[in-house]
1. With the full set of protein chains in place, find how many percent of the accessible area of the chain is carbon and sulfur; take the probe as 1.4 Å.
2. How large is the accessible surface of Thr38 in square angstrom, using a 1.4 angstrom probe and rounding to the nearest 10?
3. Could you do me a favour and compute the accessible area per residue for segment 62-127, 1.4 Å probe, result in Å²?
4. Restricting the calculation to Cα positions, tell me the Rg (one decimal) and the Dmax (whole number) of the chain in Å.
5. Between Ser146 and Arg59, what is the label-point separation in nm under the 7 Å Cα-to-beta-carbon projection?
6. Modelling each spin label as a point 7 Å along the Cα-to-Cβ direction, I'd like the Leu18/Arg48 distance in nm, to one decimal.
7. Hey, which lysines would be in cross-link range of Lys62, C-alpha to C-alpha under 28 Å, not counting anything within fewer than 8 residues on its own chain?
8. Nearest 500 deg cm²/dmol is fine: what mean residue ellipticity at 222 nm does the chain get from its DSSP H runs of n ≥ 4 alone, each adding -39,500 (n - 2.57), divided by its residue count?
Amino acid sequence: MDATKPLVGIIMGSDSDLPVMKQAADLLEQFSVPFELTVVSAHRTPQRMMDYATHAAERGIKVIIAGAGGAAHLPGMVAACSTLPVIGVPILSSNSIDGWDSVLSILQMPSGVPVATVALNGAANAGLLSIQILATSHPSLAEQMSLYKKELQSKVAEKVKGLKNQYPNHFDGGTH
Ligand code: RP5
């Protein structure tokens, strides 16, 4: 993997989305996956959105993670203009009613134009999904992902131990 050439493009409708979208960036850094990150607004900068979506693949980007809040049209419009897989992150933003507006704007795409939608503010999973997509052609990433999943198991094992200590007489010893 060329460390200087971004493989994942993280875009968001506004810099106010960054506190959420940072979760994806942090995971990509953790896995040493080169990425780029910028603001692209479907509504405020439609031409920039078109340019980004139509040229991302030729620049070497393999997956786009797009986050937006409120009337969140960015992921869907980028998916409409690119052949790359697009992961959409609905964001609870200042112009959201309760987040459902953003979830449904990103989730309910018409047949033919898929957007892999993660949970509200679920940018960490967007980062992980982009790594899993890349891992299909980068065995070292698949190995790292396997270790990551083992760490998840260890964390749960620690929690199980904690509960066992707290409730020694009520612990279900039959489970592993
Ligand atoms: C959306 O509007 C952005 O993705 C952001 O979530 C929301 C609010 O943007 P700002 O008014 O904070 O720039 O397009």
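The values are calculated or read from the model by the stated rules, or taken from the named source; none is laboratory data. Worth saying up front: this structure is predicted, and the values here are computed from it rather than measured. Reconstructed Cβ throughout: ideal geometry from the backbone, glycine too, with neighbour counts over all protein chains shown. Heads up: the accessible areas ignore ligands, DNA and RNA and are worked out on the full protein's heavy atoms, side chains in. Shrake-Rupley method; radii C 1.70, N 1.55, O 1.52, S 1.80 Å.
1. The computed percentage sits at 57.
2. Estimated to the nearest 10 Å², Thr38 gives 40 Å².
3. Details: 2790 Å² over 66 residues.
About 42 Å² of surface per residue is accessible.
4. Cα radius of gyration and Dmax of the chain are 18.6, 64 Å respectively.
5. 3.4 nm
6. Going by the 7 Å Cα→Cβ label model, 1.3 nm.
7. In chain and number order, the partners are Lys5, Lys22, Lys149, Lys150.
8. -14500 deg cm²/dmol
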